[in-house]
Amino acid sequence: MSFVSIFTLLLCVCAASLWAVHAEDPYLFFTWKVTYGTISPLGVPQQGILINGEFPGPNINSTTNNNVVVNIFNHLDEPFLIHWSGIQHRKNCWQDGLPGTTCPIPAGTNFTYHFQVKDQIGSFFYYPSTAMHRAAGGFGGLRINSRLLIPVPYADPEDDYTVLIGDWYTKSHTTLKQFLDSGRTLARPDGVLINGKNGKGDGSDEPLFTMKPEKTYKYRICNVGLKASLNFRIQGHSMKLVEMEGSHVVQNDYQSLDVHVGQCFSVLVTANQEPRDYYMVASTRFLKTIHMSKAIIRYTNGKGPASSDLPEAPIGWAWSLNQFRTFRWNLTASAARPNPQGSFRYGSINITRTIKLVNSVGKVDGKLRYAINGVSHVDPETPLKLAEYFKVPEKVFKYDTITDEGIPEGSTTITVAPNVLNATYRNFVEIIFENHEKVLQAWHLNGYSFFAVAIEPGKWSPEKRANYNLLDAVSRHTIQVYPKSWTAVLLTFDNCGMWNLRSELTENRYLGQQLYVSVLSPALSLRDEYNIPDRTLLCGVVKGMPLPKPYTI
């Protein structure tokens with residue numbers, strides 16, 4: 001080969017390498033130091049969990065397809081994990097940060113998460129998934145902005161604000177954990193926080209946010225609490241709903257929004273009122289004792305304090321159900337769509353499996369337990385995904401300990417065991433959440449969005465499918481089920497991995513109201529699922545075992 005040919009070949013190779021470097025999606029790097037610290041959000045000093053000294057933790061501001069790398073140093077005195085709620089981790093449940101997929105980060109060590117916010121937009125949050133750490137903090141906002149090439153269906157706002165609302169307990173996370181471990185309930189919360197604070201409301205509060213007159217702002221509202229649904233409203237202002245848990249929605253105006261545990265809404269608010277201070281208000285719903293939190297929004301040219309006349313919250317869950325029925329997917333908006341099979345015409349896909357999940361509560365050996373279809377999940381020492389990947393699941397759990405038919409009428413039997421459903425890759429399924437209890441439920445599925453096609457009182461039957469919204473139900477990841485009611489969702493199990501489906505009520509989840517869905521690649525191919533990452537923590541029965549043969553194309 002001549003010198004010219006070699007030189008030309010080298011140029012081509014270099015150009016290809018440069019193209020590969022530039023073609024890769026951008027990286028965002030974070031280093032987080034997780035520590036204990038004293039906080040007093042309700043005026044009572046207590047032990048909180050801080051990230052880089054902050055409560056709530058730092059906001060992650062990303063863009064569709066960004067690679068997010070978070071190096072977490074655990075300075076607590078016990079193992080710790082962070083879960084990225086609503087992030088779908090396509091083909092990569094290794095980064096999900098739950099005890100069923102990942103060994104907890106031991107005290108005094110660090111672990112690096114690396115995941116891509118692939119084909120997603122919207123408002124999300126992260127929180128600790130171990131023990132009762134979520135009750136102490138360690139949570140924060142995670143936003144995914146749309147790429148510039150893909151327009152959003154509204155003008156760019158003047159600014160973008162994250163609003164984390166949630167109920168709060170003044171007892172420590174260790175005390176709350178002891179309550180649950182001993183068979184007691186958490187009882188009612190002690191208050192409500194907005195971005196980690198509860199305003200005094202006496203005129204001395206500093207503004208949480210500011211707005212310029214006649215400008216429009218985006219507020220990303222997430223319920224990061226433990227058990228209480230919250231109603232959110234802004235004094236004197238309407239809210240235009242534009243996005244919900246990763247989907248653009250039909251843009252209706254609301255005076256208040258019910259935000260159930262684990263849910264996130266994005267709204268636009270225009271500063272078109274008299275220039276002064278205004279309260280944003282979050283208050284509990286469906287509890288006998290109403291707790292409320294206030295925070296100040298200040299006009300930059302404001303000339304007076306906020307009025308003490310606060311907007312009232314709605315009463316009863318029928319109002320909330322009617323509000324749900326106004327939510328519609330925006331079918332004309334351009335956006336990242338992670339579920340291509342069900343993106344536009346999900347209503348015309350044949351259902352291959354119906355799974356009815358009935359929540360229940362009872363006692364096992366005198367202690368409180370919550371269950372799904374009669375099984376109360378317990379996390380084994382070996383994460384379920386690791387046992388499956390190392391091909392030793394029989395040493396850790398059994399598949400399909402529950403049936404797809406729910407539980408027999410009147411059954412009170414509860415079995416404590418790991419709860420894992422076997423799902424067929426790319427099957428289009430119908431999941432029915434049936435709530436026989438007198439309290440509201442909220443359910444979340446990791447790794448996916450689903451179409452929430454119906455919520456109705458009573459019990460589900462196949463005839464109820466005639467009432468499904470098969471055109472423009474919102475694609476989302478968390479859905480409520482009202483007391484003595486049912487909810488139906490549709491989705492395609494097209495994301496391989498081990499994925500958690502759980503009650504978002506933390507007490508219920510901790511005491512067993514969760515399960516995992518195993519979606520395996522029939523071809524064991526890298527096209528469908530990534531191999532176990534380098535430096536993955538190993539624990540339980542797989543510790544010290546040789547790595548299985550890696551997947552290939």
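The values are calculated or read from the model by the stated rules, or taken from the named source; none is laboratory data. Since the model is a prediction, treat every value here as computed from it, not as a measurement. Here Cβ is always computed from backbone atoms with ideal geometry, including for glycine, and neighbour counts include all displayed protein chains. Heads up: the accessible areas ignore ligands, DNA and RNA and are worked out on the full protein's heavy atoms, side chains in. Shrake-Rupley method; radii C 1.70, N 1.55, O 1.52, S 1.80 Å.
Laid out as a table, the results:
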quantity: Residue 247 long-range amide H proximity, modeled H, under 5 Å; calculated: none
quantity: ³J(HN,Hα), Karplus 6.51/-1.76/1.60, whole Hz, each residue of region 93-101, x for Gly, Pro; calculated: 5, 4, 9, 6, x, 10, x, x, 10
quantity: For a label point 7 Å along the Cα-to-beta-carbon line of residue 145, residues of region 235-249 with backbone N under 20 Å; calculated: 242-249
quantity: The chain, relative contact order [Cα under 8 Å, separation at least 6], %; calculated: 14
quantity: Integer Hz, Karplus 6.51/-1.76/1.60 couplings in order for region 110-116, x for Gly and Pro; calculated: 10, 8, 10, 7, 9, 9, 10
quantity: Top positive-direction residue, dipole computed over the chain with Cβ charges, set 374, 262, 43; calculated: 374
quantity: Dipole moment magnitude, nearest 20 debye, region 241-346 about Cα centre, only Lys, Arg, Asp, Glu C-beta charged; calculated: 200
quantity: Ranked packing of 124-133, 59-68, most packed first, by mean Cβ within 10 Å; calculated: 124-133, 59-68
quantity: Shape call, region 387-515: gyration tensor on alpha carbons, a/c limit 1.5; calculated: oblate
quantity: Protein accessible area in the chain, 1.4 Å probe - carbon and sulfur %; calculated: 54
quantity: Amide H contacts of residue 90 (H built 1.01 Å from N, under 5 Å, at least 5 apart or other chain); calculated: 118
quantity: Spatial separation of Cα centroids for region 159-214 and region 410-436, in angstrom; calculated: 32
quantity: Relative packing of 348-355, 73-80, 488-495, which averages over residues the other C-beta atoms within 10 Å, highest first; calculated: 488-495, 73-80, 348-355
quantity: Net dipole in debye of the chain [+1 Lys, Arg Cβ; -1 Asp, Glu Cβ; about Cα centre; nearest 20]; calculated: 380
quantity: Local electrostatic count at residue 264 - Lys and Arg +1, Asp and Glu -1, tallied over other residues with Cβ under 10 Å; calculated: +1
quantity: Accessible area per residue, Å², the chain with all protein chains present, probe 1.4 Å; calculated: 41
quantity: Over the chain: helical MRE at 222 nm, DSSP H runs n ≥ 4 each giving -39500 (n - 2.57), nearest 500; calculated: -2500 deg cm²/dmol
quantity: Ratio Rg/Rh [Cα only; Rh per Kirkwood] for region 122-237; calculated: 1.04
quantity: Local electrostatic count, residue 393, Cβ distance below 15 Å [Lys/Arg +1, Asp/Glu -1]; calculated: -1
quantity: Local electrostatic count, residue 129, Cβ distance below 15 Å [Lys/Arg +1, Asp/Glu -1]; calculated: 0
quantity: Distance from region 356-397 to region 78-130 (C-alpha centre basis), Å; calculated: 20
quantity: Highest to lowest packing among 229-240, 108-119, scored as the average C-beta count within 10 Å; calculated: 229-240, 108-119
quantity: Residue-wise HN-Hα coupling along region 530-542, computed from phi with Karplus coefficients 6.51, -1.76, 1.60 (Hz; x: Gly, Pro); calculated: 7, 5, 4, x, 4, 6, 5, 5, 10, 8, x, 5, 8
